[in-house]
1. Could you let me know the centre-to-centre spacing of the range 56-73 and the range 1-42, using Cα atoms, in angstrom?
2. Taking every pair of Cα atoms in the range 1-76, average 1/r, invert it to obtain the Kirkwood radius, and report Rg/Rh to two decimals.
3. Under the rule a/c < 1.5 gives rounded, and otherwise a/b versus b/c splits prolate from oblate, where does the range 1-41 land using the Cα gyration tensor?
4. Using a simple spin-label model with points 7 Å from Cα along the Cα→Cβ vector, what separation in nm is obtained for residue 38 and residue 78?
5. Pick from 64, 12, 34: which residue has the top mean-square fluctuation in a GNM of the chain where Cα pairs under 10 Å get a spring?
6. Just to confirm the number: angle between the C-alpha axis of helix 52-73 and the first principal axis of the chain, 0 to 90 degrees, nearest 10?
7. GNM, the chain, Cα, under 10 Å: largest mean-square fluctuation among 55, 19, 32?
């Protein structure tokens with residue numbers, strides 16, 4: 001992930017399009033990426049403590065929390081049909097744990 005960050009910064013500076021860094025949505029999406037990185041770091045710690053199987057199960061359950069959290073945090077507009085599909089998909093994820 002660090003390579004993606006460095007490559008993007010080099011591209012933006014090289015193309016002289018630094019207005020990208022003043023876009024509010026870029027920073028919001030970047031924050032979601034940082035949250036993902038933190039979650040991945042804790043997943044690695046969880047593997048050491050709980051084993052691969054349990055750590056994977058916990059990470060899948062965290063996707064339920066992050067899905068609703070990101071819809072709320074990023075103020076995404078979802079239609080009733082989209083929310084129905086999202087909830088059904090998340091029920092499948094939770095159901096697969098048991």
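1. Here the answer is 21 Å between Cα centres.
2. So for the range 1-76, dividing Rg by the Kirkwood Rh gives 1.10.
3. Working: a/c = 5.59, a/b = 1.52, b/c = 3.68.
Oblate is the answer for the range 1-41, as a/c is 1.5 or above yet b/c matches or exceeds a/b.
4. Computed distance between label sites residue 38 and residue 78 equals 2.2 nm.
5. Among 64, 12, 34, the largest GNM mean-square fluctuation belongs to 12.
6. Helix 52-73 sits roughly 60 degrees off the main axis of the chain.
7. Of 55, 19, 32, the Gaussian network model singles out 19 as fluctuating most.
Computed from the coordinates by the stated procedures, all read-outs in this text should not be read as laboratory data. Remember, it's a predicted structure, so these values are computed and weren't measured experimentally. Using ideal geometry, Cβ is built from the backbone for each residue, glycine included, and neighbour counts are taken over all protein chains shown.
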